[in-house]
Every structure is written in C-alpha cells, then in structure tokens.
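J.: First, the structure itself, so that you have it in front of you.
The values are calculated or read from the model by the stated rules, or taken from the named source; none is laboratory data. Keep in mind that what you see is a predicted model, and the values were worked out from it rather than measured. Ideal geometry is used to build each Cβ from the backbone, glycine not excepted, and the neighbour counts take in all protein chains shown. Heavy atoms of the whole protein, side chains included, go into the accessibility calculation; ligands, DNA and RNA do not. Shrake-Rupley method; radii C 1.70, N 1.55, O 1.52, S 1.80 Å.
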Amino acid sequence: MKKRVGVFVCECGTNIAATVDTARVAEYAKTLPGVVYAINYKYMCSDPGQELIRNAIEEQQLEQVVVASCSPRMHEITFRKATAAGGLNAYMMEMINIREQNSWVHHDHEQATNKAQSLVRMAVAKVLRNKPLQVSTVPITKKAMVIGGGIAGMQAALDIAEGGHQVIIVEREASIGGKMTQLDKTFPTMDCAA
Amino acid sequence: MSIDSQAGWEPKIIVFACNWCSYAAADLAGLNHLEYSADVRIIRTPCSGRMDPMLVLRAFNRGVDGVLLSG
Amino acid sequence: MVAAAQHPNIELMTYSEVTKVSGYIGNFKVTVKQKPKYVDWVACTGCGTCIDKCPTKKLADEFDFGMGKRPAIHKLFAQAVPGKPYIDAENCLKLTKDKCGICEKVCPTDAVNFKDMAVEKEIEIGAIIMATGYDQFNWKEAYGEYGYGKYPDVISGLEFERLVSAGGPTSGHIVRPSDGKEPKNIAFIKCVGSRDDTKGKSYCSRACCMYTAKHAYQVKTKIEDSEAYVFYMDVRTAGKNYEEFYQRALNAGAKYIRGRVSKIYPRGDKLILKSEDTLMGMPIEVEADMVVLATAMVPSAGAVELAKKIGFSVDKDGWFQEAHPKLQPVETFAAGVYLAGTCQGPKDIPDTVAQASGAAVKVLGLFSKTELATEPMVSEVDITKCSGCGLCVPICPYNALSLNEINERGGHGHGPFTRQVAVVNNSLCQGCGSCLPACRTLALNLRGFSNDQLVSEVDAVCL
C-alpha cells in the first residue's frame, strides 16, 4: 500500500477554530511522514467539504484519509461515505476528535493547537496501517417477534403485519391487551381503552 | 512531591477509552464544555476488553507518565 | 386488540414466556415456553359452559386486584383475546386433589385436558421488539404513613380504574372496598413513589398527573355532591390537549391542593389526611371516604432478567436502555432488538403508540433489505500462528469463537494430520477485541483496531 495521506482539518464554524489554529494544524500535518496533502475548511461535513475530500482523493491520488473534526461517533459514517465516493475503500479513513475532546474542553489556544497536532500525528500513524475492509452480508429471516402484548406490542405488531411481514406476539398472560384492558376511559379524549 | 513544585512540567497521559462508554462520556464532557488538562490524549478502543497489557507497557516504555484505562 | 388477533400476519402466543435467545440481527433463535392452560384452545369454542359450572367460584380475581371473584377455570377477563378459558392449577380441585373434573364433563368439544404440560418451542426470527410494559410501584412496602396497605379504602390508581370501569367488579359504580358504600369525598395523592428519592424513584412517571385529573373529573361527574381533593407537588400537563383536560377537571369542581400528605389515619369510618397547603402556608386536614394513590411506574417484573438473556442493557432503575437518548430512542445496543412503550421508561398512551410505530418502522426497514451488511471490524485468526489452545473461546461474550479441525499436509517425515484452530463467526463477532489479550501466539487480530494500529498510535503520542 502506498503512503499518500490526505489530512482534512475541520473548523466546525468557530466550534473548533475559536480555540484551535486549524491552518497551523494543517501546515503541521504536511510535515508528517506519509502526508501529501492537508487543508483546513469551515465545515468538512457539508456538501462542499465532502466534495473537497472527494476531489483531493482523485487529484492527489490519496490512499489514506484523516479527518480531524468532531467525534467519530457523530460523523464517522459520513466521512467513510465521502472516502468511498472518492474511490477509496471506506475503511481507509480515520477520524480524530479535535472538538468534543479538544476545542470544547480546553481554553488555551497554544495548548489546544499543540494537542490537535499531536492527535493528527496519532491518526496519521494509525491510518497508514489501515487495511481495506469488505462488508459481508448475511440473510435475514423476515419474521418478527414482539415480546409483550400490551398496547405497545399490539401497535408494533399491527404495523409490521400491515407492512406484509409475519409477527409473533409472545404474552405471558392468557390474553393480550396488557394494562390497557384494566383502564376505564382514557385521557384526554375519554374514549374507551379496550 | 506536588505537581506545583515542578512548574512547566507537562505530563503525558494516555487514556484508552471504550468507544461505547468512556469515549462517549468524553464526548459528553465536551458537549458540556467541562474543562480539563490538555495533556490528556484519548485513544479510542472498541471495548476495554480489547486492552492488551502489552499496550500499557509499550506506553510506559515510550515515556508516558500515566495511563488510564476506562471502560 | 381484536384487530391484532384477527390479522392474518399475526400469531398470538399467549400464556407464554421467552426463556432463551441466541443468534444475531436478522437471525435470532428464540425459545418460547408455553405454560399449560389445561384447555385445548384449538378445540375450545369459548362457549363458557365450564366457567359457569366450575364449583370453585370464590377466588380473588387478580385482574380486579381481588375486588371481584372468579372460578378456577376462567378467562383473564370477560373480553379476553383469545376468548378462551384456562385453568388456575393452584386452585383447581381436579389438579390439586383429583376431585371434581366437572369442566371436562360439561365441555361440548372435549377441550379440557388435565394432563396438559408446558411446551418449549424454538422459533427463528429476524427482529425483536421489546414491549414488556410496566408494573405499579409497590407502595405498600414503602409508605408507612399511608398505612402500608392496611386501610382497605386506600387504593391505587389502577384499582380505581377497575372500580370506575363498566367492565369492572362493580360495573362502573364507585364504591368503597371496605363496606361497598358510595364514597362522597375522595382524596387523590400524586407522586406516590415518583419523584421521591428517599422512598421511591427519582423520576416522574409522566402519566399520573393526567389520569388523576381524569379520576377527579369522573368522581365529580359520577357521584352527586362529591368532593375530589387532589394533593400535588406540581401539575404537569405537557401533551396535546392535556392542559385543556386539566382545566376541565378544575371546572368540574376538583379541588387541587399543593402539598405532600404526611399521614393518613382512620377516624370512625373516615380517613383523615394531614398535609400542608404550601400555597396558603398552613397545615390542613381533609376528611375523606376513600384515598386514591397515583403510584409510580416501575419496570415489569422479570424485565431486567429478560434484557440480560437477550443481551442489552438497562438503566439504573431497570428501564431498558435506548441506544441514544435523543437520536436512537427505539434502538438498543443489541442490533435487531427494538423498544416500544413503557419498558423503555414511563410514558402515556399516545407516546407509547408513537414509539411502537417507530419500532415497527425500524423492523420494516430491516426487512426491506434482502441481505444484511455486517460490520467488517471483527476479529480474524491467522491460522498459521494459532496453536488451537482454545483460551479465546470462553472469553468471547458473543459466542463467536469456536475451535475447528483443519487438515494439514504434513511434511518433514510426517504424513497428513489434523489440528484445531480458532474460527471467528463474523456475524456473531461484535468487534470488541476481548479475545486478543488472551491469545498467546498473536494469532488473533482485530480489523480496524489491530495491534500495529494501536501500537503506532501509542508511539505517535509519545514522540
């Protein structure tokens, strides 16, 4: 695998840029072994931001992508898709969190920028060891089970059944209906519960 | 020995954080803008079960001052 | 209810419990235990002759909290779905003392079968919706000041529902459980077990403000010259048309008093409630014929154990944990298992129905695919390094690892031989990586979080 990493530093409006000098982080990234391209941009997750990634993959013949931005728990899938749209395997991308775990928890610009740099260094080191991964598939048994036959279970079962699939309701009492059958009229309309 | 007596000392702390709890909690700390020391570096792991003692030893071997496993 | 029973795509397994769940999203195997009903529901027409003829008639009806009576062979309630009877084995004369057997004799279709046994069935399914609901907080154990349940006319909101229901033990006539007389003054106490860290739960049960308003309204409209006193901490009416409904209860004459009742004690055949009116800033005393407690919702009995069996988490109070409090309210951490209704947390009927439809959409979305993509970040075995020691097998929390025999060609003077190596089931593996530290030969690795990836991160930090 060739080492051609592109680093994309997100400013997240001012969420990151107010604390972290993103231009300096991008400049620093260019000095890291394997990195051939680095840029900072206002919103990496936006359409133009993703286009930036797609185009850079093609124009710079990138093999690996690092996105320094918010938490991967937020946008990992977004950037995997953007990486795949650029022609790479989606798993050749690493995200590094410089928002929730950096710009939002530190005040000092210098310290936060230094930390962002070392985080990017960490992500670059990791991504150079990423391997393309293939998604495999398994068959689906298209039959559902609803555990509990109260109003929630009945409603869910009816919706799935109307969608054309088999549903089994498992109810521990000898009748479905649940607590609802014990209720008289219900608020706010005062219609009957059964 | 207190930390204050060594002004300017910047310790290196590595946190191995489980993606599903501690990493998410660190995100939550960010969401609430709870400030902490910038010396901390969080490495995401899929689960604290992934933690190999080898990684901790490696970190100390490379000069890290503290390791926190959280999961 | 009937719509669910009649739908051609819905199969009902009532009087049944889930005992075992294995597998993964799209491919679960669930074992369901059908408890013995002693009545063949295929043959039974639901005519009810057995119920009429059963001599053991004076059993306390659990459905009406003991306020009504039922025979040993009975339906859960008159309009039960399916409308078939079953035998209460603990109280049936035939099953306990081998006497009687009248129901068997009178049944026109020979549906009664005293030899019925529990049956376990294994069922293959692709998705599970949890809808196990709630139970009432057991106030009788916690609230000594309300009598620990020793005053018969201090009842819960759900018991009041049975009293006021046309299908209930009194055909909807509100009477005192103690003497069957119609009460004139009824007091309602909200937040019994809810919002009470010391005796109950810290959370708000969400439906009580509204059903108490309904109860007060029903008292005012059903009983002439009645008074409905509602003791409250706050009145929370966040819902469409809820505030308007509360105003309707006020306009009907319900008296709302802001304060916690500190004690209930009997005086003659009345109950005295001591409280404070915090808006007036003075202690008050109210005389009531009956007291209704708006008890907290708690997770259904057995719900926590069931969550453990299936493999997803519950919160500190035992409610099923959703995958994200805002963005994934119907998913659990177990892929393919979804949540509907109060099993996830207290809620009222509109919210329950909405969440149930949400969970159904998740299932339909899953079923709209022909195949399911699996997460590729799973463990892999380098069989050239694996010694087949098997240490990783019991460590895997998802039973994704097993030992398999492979054939080796042999060489260096040895003929062909077989040996064991670890094998990962990619569908079961959740990619936690717990097996890696157990592997002595470094044969196991985790895609996406491999040994060299994590080591390189550590090294990069230390530069």
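J.: Restricting segment C:304-328 to residues that are in contact with a strand residue (DSSP E or B) (Cβ under 7 Å, 6 or more places away or on another chain) and among the small types (G, A, S), which is nearest to C:Y232 (Cα to Cα)?
T.: C:G318
J.: Looking at (1) at pLDDT 95 or above; (2) farther than 30 Å from A:C192 by Cα; (3) buried (at least 20 other Cβ atoms within 10 Å of the Cβ); (4) not aromatic (F, W, Y), which is the one condition that is false for C:A43?
T.: (3)
J.: What number of residues within segment B:24-43 satisfy the criterion of being more than 7 Å from every other protein chain (Cβ to nearest Cβ) and outside any loop (DSSP other than H, G, I, E, B)? Before the answer, list the steps.
T.: Narrowing segment B:24-43 to residues more than 7 Å from every other protein chain (Cβ to nearest Cβ): B:25, B:28, B:32, B:37, B:39-40.
Right, trim to outside any loop (DSSP other than H, G, I, E, B) and you get B:25, B:28, B:40.
Number satisfying all stated conditions: 3.
J.: Could you check segment A:49-66 and list, in sequence order, the residues that are without any contact (Cβ under 8 Å) to a residue 60 or more places away in the chain and either closer than 22 Å to A:K2 by Cβ or outside any helix (DSSP H, G or I) (or both)?
T.: Quick first cut of segment A:49-66, residues without any contact (Cβ under 8 Å) to a residue 60 or more places away in the chain only: A:49-62.
Within segment A:49-66, A:L52, A:I53, A:R54, A:N55, A:A56, A:I57, A:E58, A:E59, A:Q60, A:Q61, A:L62 meet the criteria.
Okay, residues lined up against (1) within 14 Å of chain A (Cβ to nearest Cβ); (2) of a type in the set (V, I, T):
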residue: C:K94; (1), (2): no, no
residue: C:T109; (1), (2): no, yes
residue: C:N113; (1), (2): no, no
residue: C:I125; (1), (2): yes, yes
residue: C:W139; (1), (2): no, no
residue: C:Y151; (1), (2): no, no
residue: C:S171; (1), (2): yes, no
residue: C:K184; (1), (2): no, no
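J.: Also, quick follow-up: Open to solvent by 20 Å² or more (accessible area, probe 1.4 Å) and among the β-branched types (V, I, T): which single residue out of A:T113, A:T83, A:T141 fits that description?
T.: On the way: A:T113 fails: open to solvent by 20 Å² or more (accessible area, probe 1.4 Å); A:T83 fails: open to solvent by 20 Å² or more (accessible area, probe 1.4 Å).
Testing whether each residue is open to solvent by 20 Å² or more (accessible area, probe 1.4 Å) and among the β-branched types (V, I, T) leaves just A:T141.
J.: Here's a check for you: in segment C:16-64, which residue that is of a type in the set (V, I, T) and within 26 Å of the chain's Cα centre (by Cα) is nearest to C:K362 (Cα to Cα)?
T.: Taking segment C:16-64 as the starting set, the residues that turn out to be of a type in the set (V, I, T) are C:18-19, C:21, C:25, C:30-32, C:39, C:42, C:45, C:49, C:51, C:56.
Narrowing the set further to residues that are within 26 Å of the chain's Cα centre (by Cα) leaves C:18-19, C:21, C:25, C:30-32.
Details: C:V18: 22, C:T19: 24, C:V21: 20, C:I25: 12, C:V30: 20, C:T31: 23, C:V32: 23 Å.
Checked segment C:16-64; the qualifying residue nearest to C:K362 (Cα to Cα) is C:I25.
J.: Could you count how many residues in segment C:260-287 are surrounded by 15 or more Cβ atoms within 10 Å (Cβ to Cβ) and in a loop (DSSP other than H, G, I, E, B)?
T.: 2
J.: Could I ask something else about it? Only one of C:V363, C:V424 is touching a Ser or Thr at 6+ places or on another chain (Cβ under 8 Å), open to solvent by less than 60 Å² (accessible area, probe 1.4 Å) and of a type outside the set (S, T, Y); which? Before the answer, list the steps.
T.: Numbers: C:V363 fails: touching a Ser or Thr at 6+ places or on another chain (Cβ under 8 Å).
Of C:V363, C:V424, the one residue that is touching a Ser or Thr at 6+ places or on another chain (Cβ under 8 Å), open to solvent by less than 60 Å² (accessible area, probe 1.4 Å) and of a type outside the set (S, T, Y) is C:V424.
J.: To continue, here is another question. Only one of (1) among the basic types (K, R); (2) part of a loop (DSSP other than H, G, I, E, B); (3) farther than 30 Å from C:E285 by Cα is not met by C:K201, so which one is it?
T.: (3)
J.: Here's something else I'd like to know. Name, by its number, the condition in (1) more than 26 Å from C:T19 (Cα to Cα); (2) aromatic (F, W, Y); (3) more than 14 Å from every other protein chain (Cβ to nearest Cβ) that does not hold for C:F65.
T.: (3)
J.: If I filter segment A:91-105 down to residues being over 19 Å from B:E35 (Cα atoms) and touching a residue at least 40 places away in the same chain (Cβ under 8 Å), which single residue comes out as nearest to the chain's Cα centre (by Cα)?
T.: So the residue we want is A:Y91.
J.: Continuing with this model, one more query. Going through segment C:186-234 one residue at a time, which ones are within 14 Å of chain A (Cβ to nearest Cβ), open to solvent by 20 Å² or more (accessible area, probe 1.4 Å) and polar (S, T, N, Q)?
T.: C:T221
J.: When you scan segment C:288-306, how many residues do you find that are over 16 Å from C:V154 (Cβ atoms), touching a residue at least 40 places away in the same chain (Cβ under 8 Å) and not in a loop (DSSP other than H, G, I, E, B)?
T.: Going through segment C:288-306 one residue at a time, the tally reaches 5.
J.: Just the residues that are surrounded by fewer than 19 Cβ atoms within 10 Å (Cβ to Cβ) and over 18 Å from C:K308 (Cβ atoms), please, taken from segment C:327-341. Break it down into steps so the answer makes sense when it comes.
T.: Keep residues of segment C:327-341 that are surrounded by fewer than 19 Cβ atoms within 10 Å (Cβ to Cβ), which gives C:327-329, C:333, C:335.
Within segment C:327-341, C:L327, C:Q328, C:P329 meet the criteria.
J.: Just one of C:L446, C:L436, C:L442 is closer than 24 Å to A:R129 by Cβ and open to solvent by 60 Å² or more (accessible area, probe 1.4 Å); which is it?
T.: Details: C:L446 fails: open to solvent by 60 Å² or more (accessible area, probe 1.4 Å); C:L436 fails: open to solvent by 60 Å² or more (accessible area, probe 1.4 Å).
Within the list C:L446, C:L436, C:L442, the selection yields C:L442.
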